[in-house]
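Note sheet for the following structure.
The values are calculated or read from the model by the stated rules, or taken from the named source; none is laboratory data. A quick note: this is a predicted structure, and the numbers were derived from the prediction, not measured. So basically every Cβ, Gly included, is an ideal-geometry build from the backbone, and we count neighbours across all protein chains shown.
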C-alpha cells in the first residue's frame with residue numbers, strides 16, 4: 001500500500017510540475033536527467049525521450065566557458081539566480097533562458113540539482129532584429145549539417161564571413177543557398193547592418209534596374225527620388241538570388257558598383273558612395289551560363305572571390321534523418337500534432353530517393369503528409385499523395401533490387417568456385433547487404449570509442465573526428481546506448 005501511495009504522490013507531483021509555465025529540469029549527481037517537465041521540452045524544442053536518462057552535455061552544447069549551470073550546480077554546489085544562458089539543442093537551435101539553479105543536498109552530499117527556467121529566446125531574437133538583423137531568420141546554427149560534405153561547406157562559409165569579399169553560392173534549387181547567405185551575414189562584422197535579398201528571376205527585366213539601383217525624379221513618367229536595394233543595403237549585405245537571371249546590360253552596371261563602390265540611380269547624373277557586401281547565388285554551372293551569354297565573365301570573376309558549392313541532398317543522405325526530425329518537430333508545433341517520426345520502411349525510401357527538389361522537396365513531402373495525420377505517431381506511405389508514394393516506392397524497390405542482385409551475383413561466384421579438397425560442400429545461400437555491413441562496422445567502432453571514454457559522447461565524438469550530433473545520430477541508428485559504458 002505504501003508503494004502505491006508513493007507512486008500516487010509521484011504522479012501528482014509530476015502533473016503539478018507539468019502544469020507550470022516555467023521549465024523544470026532535474027539531474028542526479030552524475031548530471032543525468034531524472035525529471036524534465038513539458039514546458040522545458042517546449043522551451044528547448046526537444047522530446048522527453050531524447051533527454052530523460054541522458055547526461056546534459058550529451059544532448060546540449062554550451063558555447064560559454066562556464067558551461068551548463070545545472071552541471072556547475074552538481075559539480076561545485078553553486079546556486080545561481082536569474083542567470084541568462086544561451087546554448088544549443090542537439091539540432092543546433094539556439095535557446096536563451098533565464099535560470100534559477102540550485103543543488104539538492106542530503107546528509108551533506110549533493111544528490112543532484114534543479115533548474116527552473118524562463119524562455120527568453122523570442123526576446124533575444126527581437127533584440128537582434130532591433131540591431132539590424134531584420135530579414136535574417138537563419139544563422140549557421142540553424143543549418144543541419146551532419147554529412148561531411150555539408151560540414152565542409154559550413155566551415156568554408158564561416159571563414160568567408162570574417163571578411164568583406166564577395167561570395168558566389170552555387171547549388172541546385174532547394175539546397176538552402178539563401179540560408180547559407182543569411183548565416184554568412186549573421187556571422188560577419190556587418191551583422192548589425194541591413195540584410196537585403198532579391199530574387200532576380202522574380203521581377204520583370206524592365207523593373208530590375210530601378211529596383212536595384214534606384215530612380216531619380218523625372219527619369220520617366222511618374223518617377224520619384226527613391227533609393228534602390230543597393231543603397232538600402234548600405235553598411236550591410238545584399239543578396240542577389242539567381243544572378244544568371246539579371247539582364248546583361250545591368251550586369252555591367254553592377255560590376256561598376258563592385259569595382260568603384262558607387263551607385264548611380266536611373267535618370268540621375270551623380271554617383272552615390274555605398275558600402276555594401278554583395279553575395280550572389282546561382283542554380284546552374286557558371287561556365288555554362290558564361291558560354292551561353294547569360295553571365296558576364298568579368299562579373300563572375302569579381303563576384304566569385306569566394307565560391308561555395310552546396311551539395312544536393314542525394315549527395316549527403318546522412319542529413320536526411322535529422323532533417324526529417326527537424327521538420328516534424330517544427331510542424332508538430334504549427335499543426336498541434338505529436339508525430340514522433342517516420343515508419344522504418346518510409347525512411348528507407350527517403351534514403352533511396354534522389355530528391356531532385358532537394359531539401360525543399362523533402363520539407364514539402366513531410367508537410368503534406370502531416371496535413372493528413374490526426375493522432376498517428378508515425379508518418380507512413382498511407383499519408384503521402386499518390387504521385388509521391390509511387391516515386392518513393394519505385395526508388396525503394398530499385399534499391400532493394402540492386403541489393404538482391406548483388407547478393408545473387410555473389411552467390412553465383414561462390415557456386416562457380418571449386419570446393420577445395422576436404423572443405424565443406426555446403427554452398428552459402430546469401431550474404432549480408434552492404435548497409436548491414438556498414439552498420440555492423442559502425443557499431444563496433446562506436447562501442448570501442450565509448451568503452452575508451454567511459455560513455456562520454458562528447459569525448460568519443462572528438463576522438464572519432466565527428467560532431468556530437470552526428471555521433472548521436474549513429475548511436476540511435478545502430479542501437480548503442482552510451483549509458484551502458486559509464487562507470
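Working only within segment 379-397, note down all residues that are assigned to a helix (DSSP H, G or I) and in contact (Cβ under 8 Å) with a residue 40 or more places away in the chain.
392, 393, 395, 396
Looking at the structure I just gave you, is residue 241 in contact with a helix residue (DSSP H, G or I) (Cβ under 7 Å, 6 or more places away or on another chain), surrounded by fewer than 16 Cβ atoms within 10 Å (Cβ to Cβ) and assigned by TED's automatic domain parsing to the domain that holds residue 192?
No; evaluated as a whole, the condition is false for this residue.
Taking the conditions exactly as written (assigned to a helix (DSSP H, G or I), under 30 Å from residue 51 (Cα atoms) and at pLDDT below 80), does residue 408 satisfy them or not?
No, not satisfied.
Can you tell me which residues in segment 242-282 are closer than 30 Å to residue 186 by Cβ, part of a helix (DSSP H, G or I) and without any contact (Cβ under 8 Å) to a residue 60 or more places away in the chain?
Of everything in segment 242-282, those that are closer than 30 Å to residue 186 by Cβ, part of a helix (DSSP H, G or I) and without any contact (Cβ under 8 Å) to a residue 60 or more places away in the chain turn out to be 244, 245, 250, 251, 253, 254, 255, 256, 257, 259, 260.
For segment 368-378, enumerate the residues that are in contact with a helix residue (DSSP H, G or I) (Cβ under 6 Å, 6 or more places away or on another chain) and either within 22 Å of residue 176 (Cβ to Cβ) or part of a helix (DSSP H, G or I) (or both).
369, 370
Somewhere in segment 440-450, is a residue under 24 Å from the mean Cα position of the chain (by Cα), at pLDDT 80 or above and at negative phi?
Looking for residues that are under 24 Å from the mean Cα position of the chain (by Cα), at pLDDT 80 or above and at negative phi, one finds at least one in segment 440-450, hence yes.
For segment 334-360, how many residues are touching a helix residue (DSSP H, G or I) at 6+ places or on another chain (Cβ under 8 Å) and in a helix (DSSP H, G or I)?
Adding up the residues that qualify gives 11.
With the condition kept exactly as written, say whether any residue in segment 456-477 is at pLDDT below 85, part of a loop (DSSP other than H, G, I, E, B) and surrounded by 16 or more Cβ atoms within 10 Å (Cβ to Cβ).
yes
Within segment 158-210, how many residues are without any contact (Cβ under 8 Å) to a residue 12 or more places away in the chain and closer than 18 Å to residue 138 by Cα?
The qualifying residues number 1.
Go through (1) in contact with a helix residue (DSSP H, G or I) (Cβ under 9 Å, 6 or more places away or on another chain); (2) surrounded by 16 or more Cβ atoms within 10 Å (Cβ to Cβ); (3) closer than 30 Å to residue 352 by Cα one by one and return the number of the condition residue 314 breaks.
(2)
Inside segment 209-228, can you point out the residues that are surrounded by fewer than 20 Cβ atoms within 10 Å (Cβ to Cβ) and within 34 Å of the chain's Cα centre (by Cα)?
Passing the criteria: only 211.
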